[in-house]
Amino acid sequence: MSIRSGAASGVWRARNPRTVGDRGYLAYMVLMVALVAVAPVARAVWLSATSMEGLALFMSPAAPGVTVLVVAGLWSGALVLGRDRGPALLPPFLTHALAASDLPRSDTFRGPVLRAGALVTVLITIVAGLVAGSLMSQGLADLFSAVTFTLVGAMVGVITTVAWLAGQVFPRAAAPGALGVIVLGTITALVPVMQPFTPWGWVGIAYPGNGSPHILAELLAVTVALVAAAPVLMNRLGHAELATQAARWDSATVYAAGMDFSTAAALYQGRPHRGRGIRAVRPMRRLSGTFFIRDAIGAVRTPGRLIVGVLSLTAGAVLIAFAFAPGNPGWLLAAAAGLVVFAGLGPVTDGLRYAASVASDFPLYGISDEHLLANHLLFPLSVVVIVLVVAVVVCAVIAGIGAAAPILSSLILGMLALVARVCNALKGPLPPVLLAPIPTPMGDVGAAIRMAWALDALLLSALAGTSAAFVFQAPVLLIGVTATLIGVSINRWRHRG
């Protein structure tokens with residue numbers, strides 16, 4: 001960082017100087033969080049990774065192919081994420097001051113890019129080291145393969161950071177580039193012969209037990225080349241794009257600090273741009289058909305979100321199908337399926353959220369609030385049923401798994417995820433009563449309660465996925481989760497507005 005940009009950043013940091021006591025308290029808080037929260041979670045993750053179910057998952061013949069898919073999805077996701085929130089991000093005023101100057105972007109925005117890249121690289125390296133360490137601890141991989149895969153994980157993290165930056169620099173090319181990466185990654189995973197010719201394929205070849213020195217050298221060469229290109233990319237960042245991202249992120253953090261995650265996420269919702277000339281509201285004989293077509297056209301007007309939603313629903317169906325495969329950690333895959341399906345429903349439930357927001361106002365279209373909500377449920381219900389059933393059947397046929405049980409579980413999960421969406425749409429602002437401290441022998445748990453309230457839909461969706469996968473072994477769990485979701489939704493509906 002040059003003297004001028006360093007001086008500007010120093011003036012900005014001087015607004016809130018930290019004393020020695022502040023730094024000491026921060027160090028104390030980091031230490032206590034590490035001891036109380038991070039260490040137990042890390043131990044639980046390690047025990048799960050080295051358990052029989054975890055080893056069966058990592059030892060699966062499909063593990064290298066899945067690794068290829070994960071890496072391709074990670075890089076494509078980084079491209080798309082950079083379009084809305086890139087790594088070169090500073091507070092709005094500081095962004096304007098530095099971006100409007102004659103200083104190069106590679107100097108003024110190098111700090112945030114390095115910090116974001118370090119965080120991403122460390123997280124991916126930890127995941128790769130966890131997989132490699134789990135296999136090595138049981139004698140299923142040698143030290144060389146484990147170290148190689150861990151180093152590959154670090155390089156994947158660096159490439160992910162550069163892809164993230166590229167998405168910020170070229171926002172219009174981010175979506176087509178991400179689509180190309182995910183398509184090529186899928187082909188590479190399905191056709192292992194192509195792995196030596198693609199960067200994501202090299203990661204699959206480097207999976208513990210299959211490590212190769214030349215693969216490490218090739219991936220290192222690509223990583224070094226991309227790192228060398230990073231300053232050139234940063235110098236292409238525009239003032240308007242940087243200011244827009246900084247302002248949007250600043251608003252999102254304010255809403256997130258107030259536990260209003262839905263509004264914070266809505267700030268990054270894409271604006272409708274396709275089919276604006278197509279008439280969405282078309283009177284039909286049945287009012288339900290009018291609402292169905294209206295919601296369908298509304299979803300098509302944001303094709304990117306719709307495609308991501310359908311792919312997420314497909315991924316959830318695949319996870320549910322594999323939860324029934326012998327030897328797999330069914331509860332973990334099912335919980336992940338619940339989260340993915342809940343997220344995938346977002347782009348097709350815009351009408352549902354609109355109905356919930358106006359449910360306490362004057363009746364629209366001459367119908368009651370209940371009929372309005374029911375009519376807006378038709379389109380997402382149809383999408384859920386079609387996508388989940390088709391994806392489960394295809395996955396079951398390819399994997400040689402019985403399709404009846406996964407289809408039933410996927411339909412149950414789809415229904416519960418829709419109820420969770422309704423429940424989340426009716427949530428409203430944080431109740432003031434939750435702001436009061438909640439003293440217990442273990443300390444004040446008020447923060448944990450507020451976080452649980454803010455993420456209740458995600459927690460219930462994960463439980464819904466687990467209960468749907470174990471509908472035959474533990475029907476009581478499914479009954480309990482269903483009753484909880486319906487009860488909370490009814491209570492919020494009665495107290496809406």
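In the range 354-394, of all residues being part of a helix (DSSP H, G or I) and among the charged types (D, E, K, R), the one that is modelled with the highest pLDDT corresponds to Glu370. Across the range 269-285, which residue is modelled with the highest pLDDT among those that are within 29 Å of Leu458 (Cα to Cα) and loosely packed, with under 14 Cβ neighbours inside 10 Å? The residue in question is Gln269. Restricting attention to the range 24-53, the residues that are at pLDDT below 80 and of a type in the set (D, E, K, R) add up to 1. Quick check: is even one residue across the range 286-305 within 22 Å of Glu370 (Cα to Cα), surrounded by fewer than 18 Cβ atoms within 10 Å (Cβ to Cβ), in contact with a helix residue (DSSP H, G or I) (Cβ under 6 Å, 6 or more places away or on another chain) and modelled with pLDDT under 80? Yes: the range 286-305 contains one or more residues that are within 22 Å of Glu370 (Cα to Cα), surrounded by fewer than 18 Cβ atoms within 10 Å (Cβ to Cβ), in contact with a helix residue (DSSP H, G or I) (Cβ under 6 Å, 6 or more places away or on another chain) and modelled with pLDDT under 80. Filtered by the rule that a residue be open to solvent by 40 Å² or more (accessible area, probe 1.4 Å), under 15 Å from Ala468 (Cβ atoms) and modelled with pLDDT under 85, the range 319-332 gives Phe322, Phe324, Trp331, Leu332. The condition (being assigned to a helix (DSSP H, G or I) and within 23 Å of Ala118 (Cβ to Cβ)) is satisfied by just one residue among Thr223, Thr186: Thr223. For the range 399-474, no helices (runs of 4 or more DSSP H) sit wholly inside it while including 1 or more residues that are open to solvent by 20 Å² or more (accessible area, probe 1.4 Å) and touching a His at 6+ places or on another chain (Cβ under 8 Å). Taken residue by residue, the range 255-263 has at least one member that is in contact with a Phe, Trp or Tyr (Cβ under 9 Å, 6 or more places away or on another chain) and either of a type in the set (Asp, Glu) or not in a helix (DSSP H, G or I) (or both).
The values are calculated or read from the model by the stated rules, or taken from the named source; none is laboratory data. Predicted model only: the values in this text are computed from it and were never measured. For neighbour counting, all protein chains shown are included, and Cβ atoms are generated from backbone atoms with ideal geometry for every residue, glycine included. All accessible areas refer to the heavy atoms of the entire protein, side chains included, with ligands and DNA or RNA removed. Shrake-Rupley method; radii C 1.70, N 1.55, O 1.52, S 1.80 Å.
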